[in-house]
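The structure appears right after this line, and notes come after that.
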Amino acid sequence: NFYAHSKEHEPLENWEPLFTPFGEGDKDCQGDTCEKCRNLEPIHGHLNKVAWWAGKFAAEMFPTESPESAARADAREWGRLAGLWHDLGKFSKEFQEYLAKAGDLHTGEIVGKVDHTSAGAQHSVQSAPVLGHIFAFIISGHHSGLLDALGDGASLHNRLKKDVFAYTDAPAELLQLKEPSLPGRIERGFLDPENPKGAPTPAFFARMLFSCLVDSDFLATEAFMDPDQHRVRPRPAEDILEKMSDVLDKRLQTFGEPRSDVDRQRAAVLDRCRKQADAETGFFSLTVPTGGGKTLSSLAFALKHAIRNNLRRVIFVVPFTSIIEQNAGVFSEIFANLAAGAGPIVLEHHSNLSPERETTASRLAAENWDAPLVVTTAVQFYESLFANKTSRCRKLHNIARSVVILDEAQALPVDYLRPCLESLRQLVDFYRASVVLCTATQPAIHHAEDFPVGLKNVREIVEDPRALYNSLRRTRVVDRGVLDDATLAAGIADERQALAIVNTRRHAREIFRRLPKSDENFHLSALMCPKHRTVVLERVRQALNEEKPVRLISTQLIEAGVDVDFPVVFRSLAGIDSIAQAAGRCNRNGKHKDLGTVHIFRSEHQRAEAYFRDTAQISTRILALDSDPLSLDSVEKFFSLYYRQHNPPQGRPWDTKEILPAFRLQEDQSLPFLFQFREAAQKFQLIENVQAAVIIPYDDAAKALADQLRNESIPLHRDLLRGLQPYTVQIYQPEFNRNRPQFESVRDDQFHILICPETHYSPDFGLDFQSQDATSLIV
């Protein structure tokens, strides 16, 4: 008898068997039709259950009209074989002895003390000398993360040469299995004739197959080790997208007949999105000025498009954590009556709170995006596509056959533009995803002779974006030149209702302090926890709706998707895309008789705003030449200049960190795939300055969650991590280090709780170590 997992102080019959023979008996595994594996019953072997689910996940990435098609069947076999071979090392006598001594294998992180992953990797290469290396990557990394092909320390090359404990007692029916054929679409992409030495398709396939394996392994382990958590996992109904589309349509009908020009244009955008939803999968753009109803219109398109093309979910990608709560809140309210019968409909997945080190508990608590509507950040989305850690890769197979809405798509980082666009291309070309570039300022990322990394065959959903822009124009731009802080603050104070957006937290704080003290003035920055920002925005919106005096000083976090409507906006010089987003908070609903005014000014703090220098210089050229700097022609000119200036004569254009060169092919069959997964993950950091997530005991709910986090007898679980996200602030690591005594670190120093918010958390500014005048918040 061989076991996969033991349970401390429990007899052997309660341990999880490693493998159940294939056959006809009552307890034998029936392969793809095995209900015991499908239900993750403890009576069947761990390998069988992981194989069943990995095969299912892999097959679901390749939809066809016939489930028995060759591509789907081949994909299932890839997943199934990865599952059957991933723990071959557990058949060794040494591992079984260790398991008996260790008791519960998953009480802590003990991987490596008895290596059980290298055996499966070596067997894969012995069975399939070339393609077996794909299996070897994912099997050797299914606990520690995808390895580099070459490197000091742990690498695939070293794992394949490592002496492993004998696993010859493994059943012959496992050891004699042969490699399957590649799914047809993937096979065609393995050698790109335009880039014969590059390897984006096989590397991406390995990563997606890795996702299938680790998600299956986590689910099977969770079902055995933590059945209570497993039972509460969401299992959305199969027809949930149809139900969501019906509910959304009914909600949109309640808006009634359009009563203004803005309402009529929003209705036209929605109608066009519904009509275009019947199109085949691919790339789409939705170019609609801010305030034109993009959010709900794009969701209506996505749901109908998913139903039409047999896709599985909608993934809404927003640029900043600061607006996740707003969008997810709107969606959750719309679908509230569906959630009770089908599990959670809307999943918010932030990127700002996760354990600093992977443990079994944190992996089991990780999200796998098994929800019909996921709202996440661009950082979480793109970094996951290039991650190597198991917890971050776990979700990837669920991106296949999805509609991905890139809200504010202009936020694509230029230094990472090429790998980002390549990952989107992989999803669309090989995994039947649709990607919607949804923005008021469409970036010039279409393929061109001088921009070869651009996207091809992008279909615009709106018939005439320029006509739509002209009909929805609600602001005028005034270039004010240089404004010192005193003049700027005086100008804001003179306005009855005004929004000022500046480029740095320090500048926002300085301008707010210069305003006359008043309950009519508010401040927003990322040093305030999301819950605090929500409270401030609710008060601001209430004042706006009641036409009371209100002035808001904010960093740029308010620009992307935050629904506020001021008659006057002041914007510190930045990119034209940022200026357009600021203008979207001005006369947003067209309710003012005159055009709203957007004042563009140059800050007196130019040195502190060096990060914006490139975009600001290009914007200065646009402002000097174009009478309407926010027109679509001006926006396209801005992005063309910006992207093309990042095409150096030497070096890697639009891939400054050289991410894609980390994946290469070579003719040496001993290591044909030179995939540096760990290296690429370390390089692909959209937020390059390392930040620490700190938890703010902002209200009673936050304090109760912090108490749970302190209680290490309570294992980490999804609901706890989700609950803490609205109370989390990111600060740069040096600032955290300087103020570390102000934080209580728990769970082996992985989570950090602010000890004294009365002293270090201001009701105006949020986290505050510069002054001692912070007063306690009573919420």
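The values are calculated or read from the model by the stated rules, or taken from the named source; none is laboratory data. Computed from a prediction, not measured in an experiment: that's the story for all the values here. Here Cβ is always computed from backbone atoms with ideal geometry, including for glycine, and neighbour counts include all displayed protein chains. Surface areas here come from the heavy atoms of the whole protein model, side chains and all, with no ligands, DNA or RNA. Shrake-Rupley method; radii C 1.70, N 1.55, O 1.52, S 1.80 Å.
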Given the criteria in a helix (DSSP H, G or I) and either closer than 23 Å to Ala328 by Cα or in contact (Cβ under 8 Å) with a residue 24 or more places away in the chain (or both), does Ala701 qualify? yes
So Ile731 clears everything in (1) touching a strand residue (DSSP E or B) at 6+ places or on another chain (Cβ under 7 Å); (2) under 22 Å from Ser391 (Cβ atoms) except one condition, right? Which one? (2)
For the stretch 615-638, give me each residue that is buried (at least 16 other Cβ atoms within 10 Å of the Cβ) and part of a loop (DSSP other than H, G, I, E, B). Asp626, Pro629, Leu630, Ser631
Tell me, please, whether a residue that is within 22 Å of Leu412 (Cβ to Cβ), at pLDDT below 90, surrounded by fewer than 22 Cβ atoms within 10 Å (Cβ to Cβ) and within 17 Å of the chain's Cα centre (by Cα) can be found in the stretch 382-393. no
Give me the residue from the stretch 125-179 that is of a type in the set (Val, Ile, Thr) and at pLDDT 95 or above and, out of that set, farthest from Ala680 (Cα to Cα). Val125
Filter the stretch 744-759 for residues that are part of a helix (DSSP H, G or I) and free of Cβ contacts under 8 Å to residues at least 24 places away in the same chain; the one that is surrounded by the fewest Cβ atoms within 10 Å (Cβ to Cβ) is Glu758
Mind checking which residues of the stretch 247-267 are among the acidic types (Asp, Glu) and at pLDDT below 80? Glu257, Asp261
Check off (1) touching a residue at least 40 places away in the same chain (Cβ under 8 Å); (2) hydrophobic (A, V, I, L, M, F, W, C); (3) surrounded by fewer than 20 Cβ atoms within 10 Å (Cβ to Cβ); (4) not in a helix (DSSP H, G or I) for Phe675 and give me the number that stays unchecked. (3)
From the list Ile492, Ile576, which one is aliphatic (A, V, I, L, M) and out of contact with any Ser or Thr (no Cβ under 7 Å at 6 or more places or on another chain)? Ile492
Which one of these does Ser354 not meet: (1) at pLDDT 70 or above; (2) in a loop (DSSP other than H, G, I, E, B)? (1)
In the stretch 385-398, which residues are in contact with a helix residue (DSSP H, G or I) (Cβ under 6 Å, 6 or more places away or on another chain) and under 24 Å from Val458 (Cα atoms)? Leu385, Phe386, Leu396, His397
Identify, please: which residue in the stretch 159-184 is assigned to a helix (DSSP H, G or I) and among the aliphatic types (A, V, I, L, M) and is, among those, least open to solvent (accessible area, probe 1.4 Å)? Leu174
Could you tell me whether Asp655 is open to solvent by 30 Å² or more (accessible area, probe 1.4 Å) and not small (Gly, Ala, Ser)? no
Conditions (1) open to solvent by less than 10 Å² (accessible area, probe 1.4 Å); (2) hydrophobic (A, V, I, L, M, F, W, C); (3) not in a strand (DSSP E or B) -> Leu499 fails only (3)
Count of the stretch 124-139 residues which are open to solvent by 10 Å² or more (accessible area, probe 1.4 Å) and farther than 13 Å from Phe205 by Cα: 5
What's the number of the condition Asp249 fails, among (1) of a type in the set (Asp, Glu); (2) open to solvent by 40 Å² or more (accessible area, probe 1.4 Å); (3) under 31 Å from the mean Cα position of the chain (by Cα)? (2)
So which residues in the stretch 1-57 are farther than 28 Å from Asp74 by Cα and in a helix (DSSP H, G or I), if there are any at all? Leu12, Glu13, Asn14
Could you check the stretch 211-240 and list, in sequence order, the residues that are hydrophobic (A, V, I, L, M, F, W, C) and either part of a loop (DSSP other than H, G, I, E, B) or open to solvent by 30 Å² or more (accessible area, probe 1.4 Å) (or both)? Met225, Val232, Ala237
Return the only residue of Arg473, Arg432 being in a loop (DSSP other than H, G, I, E, B), surrounded by 13 or more Cβ atoms within 10 Å (Cβ to Cβ), at pLDDT below 90 and in contact with a Leu (Cβ under 8 Å, 6 or more places away or on another chain). Arg473
Among (1) part of a loop (DSSP other than H, G, I, E, B); (2) open to solvent by less than 60 Å² (accessible area, probe 1.4 Å); (3) at pLDDT below 90, there is one condition Phe612 misses while meeting the rest; what is its number? (1)
Being out of contact with any strand residue (DSSP E or B) (no Cβ under 7 Å at 6 or more places or on another chain), open to solvent by 50 Å² or more (accessible area, probe 1.4 Å), in contact (Cβ under 8 Å) with a residue 12 or more places away in the chain and not in a strand (DSSP E or B) is true for just one of Arg80, Arg76. Which residue is that? Arg76
Residues within the stretch 83-105 that are at pLDDT 90 or above, open to solvent by 10 Å² or more (accessible area, probe 1.4 Å) and outside any helix (DSSP H, G or I), tallied: 0
Output the residue which, of all residues in the stretch 502-538 that are hydroxyl-bearing (Ser, Thr, Tyr) and touching a residue at least 60 places away in the same chain (Cβ under 8 Å), is surrounded by the fewest Cβ atoms within 10 Å (Cβ to Cβ). Thr534
Go through (1) in contact (Cβ under 8 Å) with a residue 24 or more places away in the chain; (2) open to solvent by less than 40 Å² (accessible area, probe 1.4 Å) one by one and return the number of the condition Lys243 breaks. (2)
